[in-house]
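Structure record follows, encoded as structure tokens.
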Amino acid sequence: MADKKPILLALDDDPQVLRAVVRDLRTRYRNDYRILSTESAQEALSTLTQLKQQQEVVALFLSDQRMPEMLGVDFLAQAKVLYPEAKRVLLTAYSDIEAAIRAINQVGLDYYLVKPWDPPEENLYPVLDDQLEAWQSQFIPPFIGIRVVGYQHSPKAHQIKDFLSGNLIPYLWLDALTDPAATELMALHGLGADDLPAVVFEDGSVLRSPDLVPIAEKVGLRPHASTNVYDVVIIGAGPAGLAAGVYGGSEGLSTLLIERRAPGGQAGTSSRIENYLGFPSGLSGADLSRRAIAQAQRFGVEFLAPQTVASLRYQAPYKVITLADGTEVNAKAVVLATGVDYRRHPAANIDQFTGAGVYYGAANTEAHACRDKDVYIVGGGNSAGQAALYLAGFAKDVYIVVRTPDLRETMSSYLIDRIDEAANIHLLPLTNLKEVRGNEYLECVVLEDLDGSHERAVPASVLLIFIGAKPYTDWLPAELLRNERGFVLTGADLQRDPAFKQQWRQARPPMFLETSVPGVFAAGDVRAGAMNRVAGAVGEGAMSIKLVHEFLATL
């Protein structure tokens, strides 16, 4: 979005004088400033409130002194409340010079001009040039975009921030308890504690304590399908789903990609992926997701987010996908790429503080909340290592809690080497997280040695959990076979399941990534036997589209 020009606001109740002011201002300043004008002080004050809500910047007020609604100095005093940094210049007759001089002290008047000011090249422009130059030297451009105001330890605020950051939508977080800008924003929009968290958009509109779907609609995401029949519907926009989307779209299939949160899956939360082919310096999960979504949409793939799939059933000749809002979509083929969820930790009280100091794989979203504080990470896999290295740049100290003697069995060596080099990352081996404590938010964690010989409570502001994953498959129908851990069976693995012969009614054997429901394929971490690496998921996603083509040829 193009930068907004700062505003010069002229106010005079005499239409003829106002036209002359506006003419001279436009002649000199229209390339760098927007010129607004009005004959009414009350109208000007009302406009200022709207401008403030819309994140507009006012650089200078130029106001007449004698007006029937209110004196110019009174208007400038009220305008100063909304725009304290703007320069204030008073237009006055010779007889009002004494009042103008008093206003220098009363309202912080920057200058007064005696009417008439002809010629402007001598009597107007030099004065305004000096004022605007001084304003520019002190001006710090404000953040223009979405602002989220709420309480740091609010689970719903965390959900909104996580959604926006996961979808690569810039926003500014304002803590209602500690940030004066949050107090100002709440007063400007009439927000109370019950309205938080609130999302304030650039156009001045506000969503109070919203769910994710209204936010998605406002920022241009599409939570609803445009039609009800597709060649292939891909459920999940992690690396496997994104790859399937790119290949489905590029090969001419009408393709729908559905994601319940944000693109990238667990890989999308990774601060740095350093072992992905073709990126020797590494890349973030967010960057990979951004590139993939842009590529898929360029090929005409329709992307729904946030949208949850409630059920999947076969209704010849289609697979019918029912969404959480009750709408249905029909697909000739389906690719399951729903990935996995982080496992919940069994420590006492942990559910009470989830989203209020305890987070599952949310290192990027809450990084600034970790500044100069002690952070604990439970888990020894690559995701935990990447989170520790990222947060070490913000936190005072980062502690990695693992039940093993070291990290060698669970983490890649390149991550272990970097963790060893980081002065503020500390490994706590042979240790278990027993309990979390706090009042309204996390305040400390209770750790114990595995042999039970020692227990200690230590202060903690943030606790991140990375203790393995479970497949997101509870919503699938019973006829779609899974192993004892819930991962989807495909290909040859299916044929070893005792229930396979009772369910499979095709003359051909299932294809490599095909599930027990013909035409439904699984790719990435949700599939039993998957590699659990980004490159492996991308490969399976691409392969699934080749198999979709083969399946469609049999219809």
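Once the stretch 395-429 is narrowed to residues that are of a type outside the set (A, V, I, L, M, F, W, C) and over 24 Å from ARG533 (Cα atoms), the residue that is most open to solvent (accessible area, probe 1.4 Å) is GLU421. Report whether or not GLY539 is surrounded by fewer than 23 Cβ atoms within 10 Å (Cβ to Cβ) and either assigned to a loop (DSSP other than H, G, I, E, B) or free of Cβ contacts under 8 Å to residues at least 40 places away in the same chain (or both). Answer is no for this residue.
Please work out which residue is nearest to GLY241 (Cα to Cα), limiting yourself to the stretch 295-323 and to residues that are in a loop (DSSP other than H, G, I, E, B) and without any contact (Cβ under 8 Å) to a residue 60 or more places away in the chain. Only one residue tops the list, namely VAL301. In the set (1) assigned to a loop (DSSP other than H, G, I, E, B); (2) within 20 Å of ALA216 (Cβ to Cβ); (3) modelled with pLDDT of 95 or more, LEU191 fails one condition alone, (2). Out of VAL329, VAL340, one residue alone is surrounded by 20 or more Cβ atoms within 10 Å (Cβ to Cβ) and closer than 24 Å to ASN432 by Cα. It is VAL340. Could you please tell me which pairs satisfy a Cβ distance under 6 Å, a separation of 6+ or placement on different chains, a first residue in the stretch 212-235 that is of a type in the set (Ser, Thr, Tyr), and a second residue that is not in a strand (DSSP E or B)? Within 6 Å, the pairs are TYR230/SER254. Within the set ALA286, ALA310, the sole residue that is modelled with pLDDT under 90 and open to solvent by 10 Å² or more (accessible area, probe 1.4 Å) turns out to be ALA286. Under 7 Å between Cβ atoms, which residue pairs at least 6 apart in sequence (or on different chains) link something in the stretch 186-205 that is among the aromatic types (Phe, Trp, Tyr) with a partner that is buried (at least 16 other Cβ atoms within 10 Å of the Cβ)? Hits for this filter: PHE201/ILE146. Taking the residues in the stretch 433-474 that are exposed (fewer than 14 other Cβ atoms within 10 Å of the Cβ), touching a residue at least 60 places away in the same chain (Cβ under 8 Å) and in contact with a strand residue (DSSP E or B) (Cβ under 8 Å, 6 or more places away or on another chain) as candidates, determine which candidate is nearest to LEU336 (Cα to Cα). Per the stated criteria, the residue is GLY468.
Looking across the stretch 1-32 at every residue that is touching a residue at least 24 places away in the same chain (Cβ under 8 Å) and of a type in the set (Lys, Arg), the one that is nearest to TYR112 (Cα to Cα) is identified as ARG28. Within the stretch 48-75, residues that are farther than 20 Å from PRO15 by Cα reach partners that are open to solvent by 50 Å² or more (accessible area, probe 1.4 Å) and aliphatic (A, V, I, L, M) with beta carbons closer than 6 Å, at six or more positions or on different chains, in the pairs GLN55/ILE144. Quick one: is LEU177 under 17 Å from ASP211 (Cα atoms) and among the hydrophobic types (A, V, I, L, M, F, W, C)? No; evaluated as a whole, the condition is false for this residue. Could you tell me whether any residue of the stretch 378-387 is open to solvent by 10 Å² or more (accessible area, probe 1.4 Å) and touching a Lys or Arg at 6+ places or on another chain (Cβ under 7 Å)? Yes. Scanning the stretch 205-233 for residues that are touching a helix residue (DSSP H, G or I) at 6+ places or on another chain (Cβ under 6 Å) and either more than 29 Å from LYS156 (Cβ to Cβ) or in a helix (DSSP H, G or I) (or both), which turns out most open to solvent (accessible area, probe 1.4 Å)? Once the filter is applied, the top-ranked residue is LEU212. Just one of the listed residues (THR338, THR322) is among the polar types (S, T, N, Q) and in contact with a helix residue (DSSP H, G or I) (Cβ under 6 Å, 6 or more places away or on another chain), and it is THR338.
In the stretch 116-155, the qualifying residues are those that are under 16 Å from the mean Cα position of the chain (by Cα) and open to solvent by 60 Å² or more (accessible area, probe 1.4 Å), and the one that is farthest from GLU202 (Cα to Cα) is PRO155.
For the stretch 475-486, a tally of residues being open to solvent by 20 Å² or more (accessible area, probe 1.4 Å) and not in a strand (DSSP E or B) returns 7. Restricting the stretch 363-377 to residues that are open to solvent by less than 10 Å² (accessible area, probe 1.4 Å) and part of a loop (DSSP other than H, G, I, E, B) leaves a set whose member that is farthest from PRO429 (Cα to Cα) is GLU366. Against the definition (open to solvent by 10 Å² or more (accessible area, probe 1.4 Å), among the aliphatic types (A, V, I, L, M), in a helix (DSSP H, G or I) and out of contact with any Cys (no Cβ under 8 Å at 6 or more places or on another chain)), how does ALA267 come out, yes or no? The answer is yes for ALA267.
The values are calculated or read from the model by the stated rules, or taken from the named source; none is laboratory data. Owing to the predicted nature of the structure, the values given are computational and were not obtained by experimental measurement. No Cβ is skipped: glycine too gets one built from the backbone with ideal geometry, and neighbour counts run over all protein chains shown. Side chains included, ligands, DNA and RNA excluded: accessible areas come from the protein's heavy atoms. Shrake-Rupley method; radii C 1.70, N 1.55, O 1.52, S 1.80 Å.
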